[in-house]
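Structure first, commentary second.
The values are calculated or read from the model by the stated rules, or taken from the named source; none is laboratory data. The structure presented is a predicted model; accordingly, all values stated were derived computationally and were not measured. Don't worry about glycine lacking a Cβ; one is built from the backbone with ideal geometry, like all the others, and counts go over all protein chains shown. Protein only, heavy atoms only, side chains kept; ligands, DNA and RNA dropped before computing areas. Shrake-Rupley method; radii C 1.70, N 1.55, O 1.52, S 1.80 Å.
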Amino acid sequence: MPTAANPPAGPPVPDGMNPAVVLAQRGRAELEFLAAARASLAPLRARVRDRVEASPAAAGWERDGAADIARLRAEVAAELDGMPEQAVIGAALRWGRRTLTPRAEDAFAERRDVLTGLAAAPDPGAIADRGDAAVPRYWKYEFHGTRGGWDGHEHMGFVHHELVYRHLLVPAYGDIFAQRAKVAGAAPRDRYRAICDLGCGTGQYTLKLAERYPDARITGVDLSAASLRYAQRRAADRGLRWDLLRAPAEDTGLPAGGHDLVTSFILLHEMPPHAVAKAFAEAHRLLRPGGDLVFSDVAPYRRRGAHQAWLDDWDAEHGHEPWWRPAAQADLVAVAEAAGFGDVRQVALGPGSYPWVTIARKPGAEHLREGGAS
Ligand SMILES: C[S@@+](CC[C@H](N)C(=O)[O-])C[C@H]1O[C@@H](n2cnc3c(N)ncnc32)[C@H](O)[C@@H]1O
């Protein structure tokens, strides 16, 4: 039987994934079919892109300083009205979103005997929990079409981050783990003593933080119990130990001033704007004076060309991302400053301005020297 120490033969396993994951033939074939169906749309997508880029709507977007996404959407909708390629893409996207999690759950069920052993938390009782009363209503939405939300399956963390990521997202978007490593490396100091990863999920970014700052004590906060259980497993499989807490990022209940880095990777676009502002305020509270904030999220529409901005917004609307548009339009510099941060800046770490990172410092003491948090 394949194990982590004895991985199965086959294509290389993406960095950050458990090499021991093997599916039964049927489950693997279904997920591969979904990935292939998605990939087969590429020529249709290219035709739509050409049409959008040549449209007066695109010229208007560039001319008006990429300011009005609602207008761009309306003008492009009129341009694409009746275009069969776009109708097929829309139907395929809606079908894929409905189908993906159930097929991944089925694939898990077929190999439950082996996969439960790879997915289960070694010590679930060690995950601290603020309780159900602390869970905001917006979090229960079925983001990405995850049936039942992030906790819709006992092992949703594993199902989503090992099966869906491995079979769908990595083939579609390439090395999404390298992006996390880049963001971890964008923090201003070489060493941190105590790091808090808000919206840590199953610990994929947390792992990159642990690799980059091996001396730091790491706390991961998320609202998903299933994700935290797999995060604990991910850490334990690598001989690591993280403090894990089920709580809202905007109200963790952790002691004030206990961290020198508070960070997140693709959390903010899953929160409504009022909660994003609270998460910045909570990060400020959690940091000691002189500590750093590093929040990475979706690229702003103003940094995208007309086709890419239109596609982001269209995909978000049809792909269960209710807070993407506000996130892509937010002025996070102003939000950070309103929360009390100074030295606020934003950097793009990849093509199309993604990952897009907001970096800031809590004003105060000089005792956190550059190159080493004392
Ligand atoms: C797209 S996942 C990203 C997970 C992880 N940072 C990574 O790099 O893979 C977003 C995560 O944010 C969590 N989340 C969303 N809103 C939250 C909130 N208000 N407080 C804590 N976690 C939240 C979700 O449960 C989910 O695990």
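Across segment 219-226, computed HN-Hα scalar couplings (Karplus, 6.51 cos²θ - 1.76 cosθ + 1.60, θ = phi - 60°) run 10, x, 10, 7, 8, 8, 5, 5 Hz from first to last residue, x flagging Gly and Pro. Solvent-accessible surface of protein heavy atoms, probed at 1.4 angstrom with all chains present, puts V344, V298 in the order V344, V298, largest first.
With all protein chains present and a 1.4 Å probe, how do K182, K362 order by accessible area, largest first? Walk me through the numbers before you get to the answer.
Values: K182 105, K362 30 Å².
Most to least solvent-accessible, the answer reads K182, K362.
Take 79-86, 94-101 and order them by the average number of nearby Cβ atoms within 10 Å per residue, most first; the result is 94-101, 79-86.
Stretching the chain fully between A334 and R302 yields a gain of 9.9 nm (0.36 nm per residue, less the alpha carbon separation). Using a probe of 1.4 angstrom and keeping all protein chains present, the accessible surface of the chain works out to 43 square angstrom per residue. For segment 149-164, putting each phi into the Karplus relation 6.51 cos²θ - 1.76 cosθ + 1.60 with θ = phi - 60° gives couplings of x, 5, 10, x, 9, 3, 10, 4, x, 5, 4, 6, 7, 9, 7, 5 Hz, in residue order, rounded to whole numbers and with x for Gly and Pro.
Between L349 and A46, the distance separating the two model label sites (each 7 Å from Cα on the Cα→Cβ line) works out to 3.1 nm.
Roughly how far apart, in whole Å, are the Cα centres of segment 271-286 and segment 42-68? One Cα centre to the other: 34 Å. Taking amide H as placed 1.01 Å from N in the peptide plane, the amide H of G16 sits under 5 Å from none that are at least 5 places away or on another chain.
Here the extension length gained between A54 and A365 equals 106.6 nm, from 0.36 nm per residue of separation less the Cα-Cα distance. Can you classify segment 117-192 as rounded, prolate or oblate using the Cα gyration tensor, where a ≥ b ≥ c are the square roots of its eigenvalues, rounded means a/c under 1.5, and otherwise it's prolate if a/b beats b/c and oblate if not? Note, shape of segment 117-192 comes out oblate. Here the label points at Y141 and R217, each 7 Å from Cα along the C-beta direction, are separated by 3.5 nm in the simple model.
How much of the calculated P(r) for segment 175-373 lies past 23 Å, in percent of all Cα pairs? Summing the P(r) of segment 175-373 above 23 Å gives 40 percent of all pairs.
Each stretch of four or more DSSP H residues adds -39500 (n - 2.57); spread over every residue of the chain, this sum gives -13000 deg cm²/dmol at 222 nm. Averaging the sequence gap over all C-alpha pairs within less than 8 Å and six or more residues apart, then dividing by the number of residues, gives segment 175-373 a relative contact order of 22 percent.
In this simple spin-label approximation, A24 and H320 carry label points 7 Å from Cα along the Cα→Cβ vector, and these lie 2.3 nm apart.
Relative contact order of the chain: 17 percent, from C-alpha pairs under 8 Å at least 6 residues apart in sequence.
An ellipsoid equivalent to the chain, defined through the eigenvalues of its Cα gyration tensor, has semi-axes of 32, 29, 17 Å when rounded to whole angstrom and sorted largest first. If the chain linking D251 and M83 were pulled fully straight, counting 0.36 nm for each residue of separation and taking away their Cα-Cα distance, it would gain 55.8 nm. For V21, no residue has an amide H sitting under 5 Å from its own, ignoring neighbours fewer than 5 places away on the same chain, with H placed 1.01 Å from N.
Highest-first packing order for the peptide set 202-214, 304-316, 121-133, 329-341 is 202-214, 304-316, 329-341, 121-133, based on the mean count of other beta carbon atoms within 10 Å. Taken as Cα centroids, segment 93-163 and segment 169-248 sit 18 Å apart, rounded to the nearest whole angstrom. Counting only protein heavy atoms and a probe of 1.4 Å, the accessible surface of segment 147-301 is 53% carbon and sulfur.
A simple count of charges around R325, restricted to other residues whose Cβ falls under 10 Å of its Cβ and scoring Lys, Arg +1 and Asp, Glu -1, yields -3.
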